[in-house]
Amino acid sequence: MAKSLPTDVQVAIIGGGIVGCATAYHLAKAGWSVALFERKKLTSGTTWHAAGLVSETQGVPVMSALAKYGLDLMERLEDETGQNTGFKRNGSMTVALTEARMEELRRKVDYAHGCGLRAEEISLTEAQERWPMLSTEGAKGAFWFPGDGYTNPIDTTMALAKGARANGAQIFEDTKVERVVIEGGRAVGVETEEGLVRAEHVVNATGMWAREFGISHSVQIPLHYTNHYYVVTDPIEGVTGDLPVLRVMDEYAYYKEDAGKLLIGCSEPNATPWLPKDGLPEAFEFDELPCDEEHLYPILEAAMERVPALAESGIRKFFNGPECFTPDAKHYLGPITDVTGYWVAAGFNSTGIQNGPGAGKALAEWIMAGHMTMDLTDVDSRRIIPGLNARSYTATKAAETLSHAYAMHWPYLRKTQARGLRRTPYYTHLRDAGAQFSSANGWERPLFYGREMTDGFGREPWFDDWQAEHQALRTDLGCIDLTFGRFIVDGQDAEAAMQRLCGANMAVAPGALVYTHMFNPQGGIEADVTVARLNATRYMVMSSAGAEPQTEYWLKTQLADTAVSVVNITSSEATLALMGPRARNFLAGLTDADLSNVVFPFGSWQALHVGHAPVRAQRITYVGELGWELHVPAEFAQQVFETIMAAPDAPRLCGGMAVDSCRIEKGFRHWGHDIGPHDSPVDSGLTFACDFTTEFTGKAAIETHKSTGPANRLLSFRLDDPNALVFGKEPILCDGQIVGRLTSASYGWSVGGAIGMGYVSRSEGMTMKALAARNYQVKVAGRAVTAQASLRPLYDPDNAQMRG
């Protein structure tokens, strides 16, 4: 007899894969009432056919910590639930065939150590001892990750489901959710064929169905499903149950023991999307896709050379099953911007088994606490750009994401597919000037101008172009396309609202510019913005292009149900920044306005004309030099650009590489790298931007933190070896012990070495001066490089240049 549905629960979870079951498990263990609905049977979407590889080392430290938690949970689930998971911690080994891959993996080992994980470079002799069937022909080296392993996806999911039920969760199979019930902008329940179940929170954990299901109630979750292949051999002598996972990424293959057989998986460079004509089939359940065996031949031919025993073994099974991937190769975890109480946990890019248990824990804690309990910025679903969800776009990007899984992970890697969607009005001019573009949130952004960009871990030829642009900003004049996110906050109560949201004093006169932050109640930084007061009732809030969706979310949720409106006007203006010692004299030749310090001081804006066009000129800088940002109505933007570039002694066009190297020299923080919702202004050295005489959200938490002092403090670093290069996430050492990691990194052309910022641990009672004076090193591809630390900017610490 089918059990009846509850009338209401605290959380309704849609989707019975490993992620949905892990979320239910953690919520139920905390005592929350949970109902999980699965359209068919548990695991019947993509979970069931996963290879089950699980690795500790993930892209950012918090994801590595969650992955390790997930592996530890798998290890104890059988004792807790009585359900075997099939988990084996046999370790994993990666063999490198090129010097570039050796460099990548050495840096990965450094990063793993920074996360407190075990990893090491081993000899090829040791690699063969660990994997006796391996041929090391053509190999350069090998790397060992002892904490890794594999598990049985179905059994692990069933163990999580059993644990969830034991703690009171209700799980309903063969119960399709027809729709999410949304009332007044809030998710209030789910509708099934058996009736309505009301809920305070609804979680979309539908895996590859997440996009189509979301669209059915106007929620955008950009992802798509691809063909994903593996083969299973006949039994092979020597394949034992203690064999580690083997990866040969340069041949796009991995090898896993499977009951005396080998499962050989593929992350091929020419991956393809699955494109069912009418969308996902309604009857899909434990289904396979047609297998294009010829597609696999190049990888299998290389595999037979790498593991000679395969030449004598038959293939028992060619398998193709769908896996879903996101455009930026990061899963979605967290709330959906436009619907309160609606959460998503989907798009795991073929890593759902290893990341699912940790994601379930993180999401459950977020739902229960009402805020992040750890720094999930990297996978925060609030980064979604609703306009980037066309099926053609998500399918193309999904295939690209899979294609890059085992490709080289270059430090300045640029994706090439589905480009050019969002372009500033200057795009064509910049392209014709030789811009080398990258993409951020769909925007085309120049990195530098000049020769073709090449990939590598050393000094590439285009570094000369980057250096020249950096020096132009420092010693002459540069022009930067700085078009970014902008929002109008308007209403009679705008000042009071902004005063509550922002740490700085917002009761300023029209014409003032204010650098400020918006904090959550825990004192974490939800937005890093510049605000222009336009008039008595209106402010312009400006964020980086990368933080546009998160800033919009924060403004709209914090100002909901007030008389203050928020409008995203990003597309209505474009921005050119004129920066460098010549900025004042050059701009004075294009306008009648008085640009002197007395009339146009730092931290102010004025309406003026450049040539024939109206602009809002803002005296502020992100590179640490004298300069103005020119915010131009979109229809005038190209004319302003042409006027500037046609003028005598026109500025040098400069890209994002020079902006980044200049801002890190100046110690300017970047939201999403150096600061975020889990970072305090006390730790990041930003309390100078707080006015503690005003009342703002998070003030109490910040004052408490300030009184106790930071446990970690952000410092600036310059490496002593001018030939060492850092790219971010490198461990920081003091007296041989890891004390932090770099959050931002670049090359400081003005200070003569690689530079970065990073948080380092501070002992209780240690002064800031003593903290900065310690002997530090930064780990670079296995080598400890001495570095000088500073609490102050490495360049122009007294800010004389930008206020000149």
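Below is a table of values for the structure above.
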{"read-out": "Test: residue in region 74-82 that is assigned to a loop (DSSP other than H, G, I, E, B) and either open to solvent by less than 50 Å² (accessible area, probe 1.4 Å) or among the polar types (S, T, N, Q) (or both)", "value": "no"}
{"read-out": "Pair list, Cβ under 6 Å, 6 or more apart: region 515-538 residue under 14 Å from THR687 (Cβ atoms), other residue among the β-branched types (Val, Ile, Thr) and not in a strand (DSSP E or B)", "value": "PHE519/THR697; GLY523/ILE702"}
{"read-out": "Criterion (among the small types (Gly, Ala, Ser), modelled with pLDDT of 95 or more, closer than 19 Å to ARG422 by Cα and in contact with a strand residue (DSSP E or B) (Cβ under 8 Å, 6 or more places away or on another chain)) met by exactly one of SER543, SER565", "value": "SER543"}
{"read-out": "Any chance ARG451 is open to solvent by 50 Å² or more (accessible area, probe 1.4 Å) and either in contact (Cβ under 8 Å) with a residue 60 or more places away in the chain or hydrophobic (A, V, I, L, M, F, W, C) (or both)", "value": "no"}
{"read-out": "Selection within region 471-512 - hydrophobic (A, V, I, L, M, F, W, C), within 31 Å of the chain's Cα centre (by Cα), open to solvent by 20 Å² or more (accessible area, probe 1.4 Å) and within 30 Å of LYS699 (Cα to Cα)", "value": "PHE484, ILE488"}
{"read-out": "Residue ID - nearest to LYS397 (Cα to Cα), chosen from residues in region 323-337 that are open to solvent by 10 Å² or more (accessible area, probe 1.4 Å) and assigned to a loop (DSSP other than H, G, I, E, B)", "value": "PRO327"}
{"read-out": "Residue in region 218-231 that is more than 23 Å from ARG39 (Cα to Cα), surrounded by fewer than 17 Cβ atoms within 10 Å (Cβ to Cβ), more than 26 Å from the chain's Cα centre (by Cα) and at pLDDT 95 or above present", "value": "no"}
{"read-out": "Which listed residue, of ARG118, ARG179, ARG165, ARG106, is at pLDDT 95 or above, in a helix (DSSP H, G or I) and under 31 Å from the mean Cα position of the chain (by Cα)", "value": "ARG106"}
{"read-out": "Hey, ALA468 assigned to a helix (DSSP H, G or I), closer than 27 Å to GLY624 by Cα and open to solvent by 10 Å² or more (accessible area, probe 1.4 Å) or not", "value": "yes"}
{"read-out": "Enumeration of residues in region 69-87 that are closer than 22 Å to GLU257 by Cβ, of a type outside the set (A, V, I, L, M) and either touching a residue at least 40 places away in the same chain (Cβ under 8 Å) or in contact with a His (Cβ under 7 Å, 6 or more places away or on another chain) (or both)", "value": "GLY70, GLU78, GLN83, ASN84, THR85, GLY86, PHE87"}
{"read-out": "Number of positions in region 163-185 that are open to solvent by 20 Å² or more (accessible area, probe 1.4 Å) and on the phi < 0 side of the Ramachandran plot", "value": "10"}
{"read-out": "Where a residue in region 644-658 is within 16 Å of TRP628 (Cβ to Cβ) and its partner, wherever it lies, is among the aromatic types (Phe, Trp, Tyr) and buried (at least 24 other Cβ atoms within 10 Å of the Cβ), with Cβ under 9 Å and at least six apart", "value": "CYS654/PHE448"}
{"read-out": "Pair list, Cβ < 6 Å and 6+ apart or interchain, from region 762-777 residues that are under 18 Å from GLY685 (Cβ atoms) and touching a residue at least 24 places away in the same chain (Cβ under 8 Å) to residues that are open to solvent by 50 Å² or more (accessible area, probe 1.4 Å) and hydrophobic (A, V, I, L, M, F, W, C)", "value": "MET768/LEU791; ALA772/LEU791"}
{"read-out": "Residue that is modelled with the highest pLDDT, among those in region 427-454 that are part of a loop (DSSP other than H, G, I, E, B) and closer than 18 Å to GLU573 by Cα", "value": "GLY442"}
{"read-out": "Lone qualifier among SER4, SER64 - being assigned to a loop (DSSP other than H, G, I, E, B), of a type in the set (S, T, N, Q) and either at pLDDT below 95 or more than 15 Å from ALA169 (Cβ to Cβ) (or both)", "value": "SER4"}
{"read-out": "Any hit, region 56-77, residues being of a type outside the set (Phe, Trp, Tyr), under 25 Å from GLU193 (Cα atoms) and in contact with a Pro (Cβ under 7 Å, 6 or more places away or on another chain)", "value": "no"}
{"read-out": "Criterion (surrounded by fewer than 21 Cβ atoms within 10 Å (Cβ to Cβ), outside any strand (DSSP E or B) and either among the charged types (D, E, K, R) or in contact with an Asp or Glu (Cβ under 7 Å, 6 or more places away or on another chain) (or both)) met by exactly one of THR643, THR562, THR557, THR591", "value": "THR562"}
{"read-out": "Matching residues in region 186-198 - criterion: being among the small types (Gly, Ala, Ser) and open to solvent by less than 10 Å² (accessible area, probe 1.4 Å)", "value": "ALA187, GLY189"}
{"read-out": "Number of positions in region 1-16 that are open to solvent by 50 Å² or more (accessible area, probe 1.4 Å) and of a type in the set (A, V, I, L, M)", "value": "2"}
{"read-out": "Number of positions in region 646-661 that are among the acidic types (Asp, Glu) and either assigned to a strand (DSSP E or B) or under 34 Å from the mean Cα position of the chain (by Cα) (or both)", "value": "1"}
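Listed here are the residues, each with its yes/no results for (1) surrounded by fewer than 21 Cβ atoms within 10 Å (Cβ to Cβ); (2) within 27 Å of the chain's Cα centre (by Cα).
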{"position": "ASP691", "(1), (2)": "yes, no"}
{"position": "ASP720", "(1), (2)": "yes, no"}
{"position": "CYS734", "(1), (2)": "yes, no"}
{"position": "LEU742", "(1), (2)": "no, yes"}
{"position": "LYS769", "(1), (2)": "yes, no"}
{"position": "ALA781", "(1), (2)": "yes, yes"}
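The values are calculated or read from the model by the stated rules, or taken from the named source; none is laboratory data. Nothing here was measured: the structure is a model prediction, and the numbers come from that model. Using ideal geometry, Cβ is built from the backbone for each residue, glycine included, and neighbour counts are taken over all protein chains shown. Quick note on the areas: whole protein, heavy atoms, side chains included, nothing else; ligands and nucleic acids left out. Shrake-Rupley method; radii C 1.70, N 1.55, O 1.52, S 1.80 Å.
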